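Here is the structure we will look at.
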Amino acid sequence: MTINLETPKKFKVLSEQAHTVAQEVLRPISRHYDRAEHAYPKELDMLASLIDGMNESGSTLGAGASGVKSSASTETQNRNGSNMSSAIGVMETCWGDVGLVLSMPRQGLGNAAIAAVANEEQLLRYEGSWAAMAITEPESGSDSASIRTTAILDGDEYVLNGEKIYVTAGERAELVVVWATLDPKQGRAAIKSFVVERSNPGMILDRLEHKLGIRASDTAAFRLENCRVPKEDLLGTPEIDMKRSFAGVMKTFDNTRPLVAAMAVGVAQASLDRTRELLTEAGIEVDYDRPAHSQPAAAAALLELESDLEAARLMMMEAAWMADNSKPNSLHASMSKAKAGRVGVDISLRCVELCGSLGYDESELLEKWARDAKILDIFEGTQQIQQLIIARLLLKKTSADLR
Amino acid sequence: MALADKGMALSLRALNRIAGSDLLDRIGLRDQTEKAVYEATRNGFRAAGAAGRTFSRVSRSGKPARLPNAPRKDLFDLTPSDEQGMMRESIGEFALKRMRPAASDADSVCAAPPELLGQANDLGITMLGVPEEHGGAVEERSAVTSALITEALGRGDMGIALAALSPAAVSTAIGLWGDSGQQATYLPEFTGESVPAAALAIQEPRALFDPFVLSTTAVRKDDGFELSGIKSLVARGADSELFVVAAALDDRPALFIVEPNTKGVLVESEPAMGVRAAATANLKLDRAKLPAEALLGEADPEIYADCIRLGRIAWSALAVGTCQAVLDYVIPYVNERIAFGEPISNRQAVAFMVADIGTELEGMRLVMLRAASRVDQGLDFGREANLARRLCASRGMQIGSNGVQLLGGHGYIKEHPVERWYRDLRGAGIMEGALLV
């Protein structure tokens, strides 16, 4: 045991491959799909096959994170496993384009939910499918315990009714993991997730949203009208267990939040790297030994931004490392998401400011990254939801005390 | 004895020295040397070295002793070694049970209790950077170990921690960069029963101070050097028995070993906003004549840069410890303080501030630890050290300020420690040198 915060050598190849993918495949088409919102990025199909191959080694480059799961290992030896490699892969690919990464076939956030809560039989059955995640409703955002979509058992099928919005990759995915309640009167314990085939006639695509950023990624709104789902497609157990159920569903987030943090770190790193190049052309170089105050304001600003990015990146690594080593990481997952979400926005916006019109116009990708970054402080739990979670854990408060 | 056994014996010796519970429980056994009384206001320079000892010069040629770095590991890991864990725990206990209760008085009188400093020495903190052949007790040099210990002491009290660690900065500097004569002359004193007060003086009193552009100068003379200039915020300046001073030699910064009884070495108390328990002082060098052997590290610019970088990591570690103290303190306070019929922590405006303290603290700690772990692995660490410093100056100060804010009016009065932490944390982002990991 030695304290070491360097990226392990064994992930160096993965990290470099991911960076190359970002540089050579994603960056060249980044602006095109930002302008052509809702157009399918066909270039990703080939890339996805390549990534499938890499996934067999337990890592992933996509958002979906089939690789992230709670390790059941009871080994006492230090592990750097698939949670960490996934975070590194996601960070590097998002350095290329986060919107495209969110559109990567078979790497949807729904895949992470399946990986986290599905039983063995289900894992096998859904293997190789692309799964989106449908939680949010028009009247239920961060307050996911109050969702109104219902699932009523009828014979061998559940019948789903309700409305779902903000479904990332909802149009393109093959499966959609839908959150619905078995009994609205029983609160959060009755909330279950169901795997719905995208081709199910009861799931009707309402519209695709027009967004501030991540425009390469489709964001769908659905209506569920008597949508019949075989009962084997309920993830986990159908019992309404007051203690465990909702916690089980929420557990997905402990694994995916470090990945969203990784996305934010990747975008912020892209902004910072490009800004540094442009500032170098403008005659500004950071001297890491001299105090910030004896350097030009722009260099001092870079130092400041870089320090926050370093903190966010290491917190993401810590949360992933804890998951790899079966250490409870709810607190650290939320902290990493909170920190990365807000510094992702701060850094990318500040970079636009530092680069002036080059930052603001569409000749560079800086303005795009600043638009993309904002979603990362919102989805998978907003900044404020993370603060709530962190505060409740630190202060030992229930959700009734601290609302 | 096989090499492995020898290593084991050495490390057990260190642990024994550091974790021995009888040491922790012992108070005030040592007769202190006559101690200069700190003046809480400035009243002019006077000769330094009032309580000084004489170091008998040992001339020795040959290679200086150096502690090897800890072996490099590949996997990302945040678990300290068993030995580090035990040191952190025992020093942490000393910090919370001994230093914290003494902190308020030490702050008012601008002096750390001598018995506390003696106990800190007994814990072996000045021995960590000292090679084995000069009496050191660890088999490897580890900046991470120093950082963990510094953080633990900072959680007790930043001012007393600075006073306690100040001699360790000097022993570490001589252990890392001293030649064999300098090591043989000075290091044994730092591992003996009576560790000298000592200080590493880098800071100078001017706005926009840059440690790489010094006003203090060293001029070559036939038989040595002549130093002139003023150093500021020198920990335990009045009673220090040895200084390591930064001065520009041929327009490049260099380090010099200065014995305070040298003619032209003067001190004046310099009480500051915070870290007052460290009895900070101005150190004036008025054409102080030093022998040729006073030059430390052969004026190598990389050595000087490392000195500044290691200092920044140490200050970041202290800041992390103090920020942890803030978090530890505000949690029960906001949970118990009732307003509008319920604990104020039931309000998001209060609870989110606590959440942000926890989040930013975690980031500061990891950035600081990465810098320290890079030192141990022989990697460049200047960038990482400066990033840790930036975070402490910005986020650390924010935590200090929010600590006071969460207590409201109660935070502003001296019945609670948060106002002291507010003052101390401002210093952590400013100070150069004084400490090393």
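Observations on the model:
- Karplus-derived 3J(HN,Hα), 6.51/-1.76/1.60, for each residue of the range A:321-332, Hz, glycine and proline x: 4, 4, 4, 4, 9, 6, 8, x, 10, 3, 4, 6
- Calculated mean residue ellipticity, 222 nm, chain B: -15000 deg cm²/dmol, from DSSP H runs (n ≥ 4) at -39500 (n - 2.57) each, averaged per residue and rounded to 500.
- The range A:155-268: radius of gyration over Cα atoms, expressed as a fraction of 2.2 N^0.38 Å: 1.17
- Nitroxide proxy distance, nm - points 7 Å out along Cα→Cβ at A:GLU239 and B:MET273: 5.9
- 0 to 90° range, to nearest 10: angle between helix B:158-177 axis and chain B longest Cα axis: 30
- When the GluC sites (Glu not before Pro) in the range B:352-437 are filtered for DSSP coil states and for at most 13 other beta-carbon atoms within 10 Å of their beta-carbon, the remaining sites are B:GLU415.
- The range B:301-428 pair-distance distribution - Cα-Cα, 10 Å bins, rounded %: 14, 40, 26, 14, 6, 1, 0
- Panel order for B:MET86, A:MET263, B:MET364, by other beta carbons found within 10 Å of each beta carbon, from fewest to most: B:MET86, B:MET364, A:MET263.
- Spin-label model, A:GLU281/B:GLU132: points 7 Å from Cα along the beta carbon direction are separated by 5.7 nm.
- With Cα atoms, 0 to 90° folded angle of helix A:82-96 axis to chain A main axis: 60
- Working note: 222 nm ellipticity from helices only, DSSP H runs with n ≥ 4, each -39,500 (n - 2.57), summed and divided by the residues of chain A, gives -15500 deg cm²/dmol to the nearest 500.
- Alpha-carbon Debye profile of chain A, log10 I(q)/I(0) at 0.07, 0.08, 0.14 Å⁻¹: -0.32, -0.41, -1.25
- Each principal axis of the Cα cloud of chain B was taken in turn, and the coordinate range along them, longest first, works out to 77, 58, 44 Å.
- Here the ratio of the Cα radius of gyration of the range A:328-379 to 2.2 N^0.38 Å is 1.34.
- Fewest-first ranking of B:ARG155, A:ARG106, using other Cβ atoms within 10 Å as the exposure measure: A:ARG106, B:ARG155
- Charge dipole (chain A, unit charges on Cβ, about Cα centre) - positive-most of A:GLY96, A:THR237, A:CYS355: A:THR237
- Residue among A:ALA340, B:TYR333, A:GLY213 farthest towards the positive dipole end of the protein assembly as shown, charges placed on Cβ: B:TYR333
- The HN-Hα couplings worked out from phi for the range A:108-123 by the Karplus form 6.51 cos²θ - 1.76 cosθ + 1.60 (θ = phi - 60°) are x, 5, x, 4, 5, 5, 4, 4, 7, 10, 6, 7, 4, 4, 5, 3 Hz, whole numbers, x standing for Gly and Pro.
- Within straight-line cross-link reach of A:LYS10, lysines at Cα separation under 30 Å, skipping those fewer than 8 residues along the same chain: A:LYS69, A:LYS251, A:LYS327, A:LYS337, A:LYS339, B:LYS73
- Degrees between helix B:82-94 axis and first principal axis of chain B (Cα, 0 to 90, nearest 10): 70
- Converting the Cα gyration tensor eigenvalues of the protein assembly as shown into ellipsoid dimensions via √(5λ) gives semi-axes, longest first, of 55, 28, 24 Å.
- Dipole magnitude (debye, nearest 20) for chain B, charges at Cβ of Lys, Arg, Asp, Glu: 620
- Put in order of Cβ neighbour count within 10 Å, fewest first, the listed residues A:THR93, A:THR237, B:THR54 become B:THR54, A:THR237, A:THR93.
- For the protein assembly as shown, a crude dipole built from +1 on the beta carbon of Lys and Arg and -1 on the beta carbon of Asp and Glu, taken about the Cα centre, is about 1240 debye to the nearest 20.
- The 3J(HN,Hα) values that the Karplus relation (6.51, -1.76, 1.60; θ = phi - 60°) gives for the range A:203-216 are, in residue order, 9, 10, 6, 7, 6, 10, 6, 9, 10, 5, x, 5, 6, 5 Hz. Gly and Pro appear as x.
None of the figures in this text is laboratory data; all of them are computed from the coordinates on show. All figures in this text were calculated on a predicted structure; none of them were measured in a lab. Positions of Cβ are backbone-derived with ideal geometry, glycine not excepted, and every protein chain shown enters the neighbour counts.
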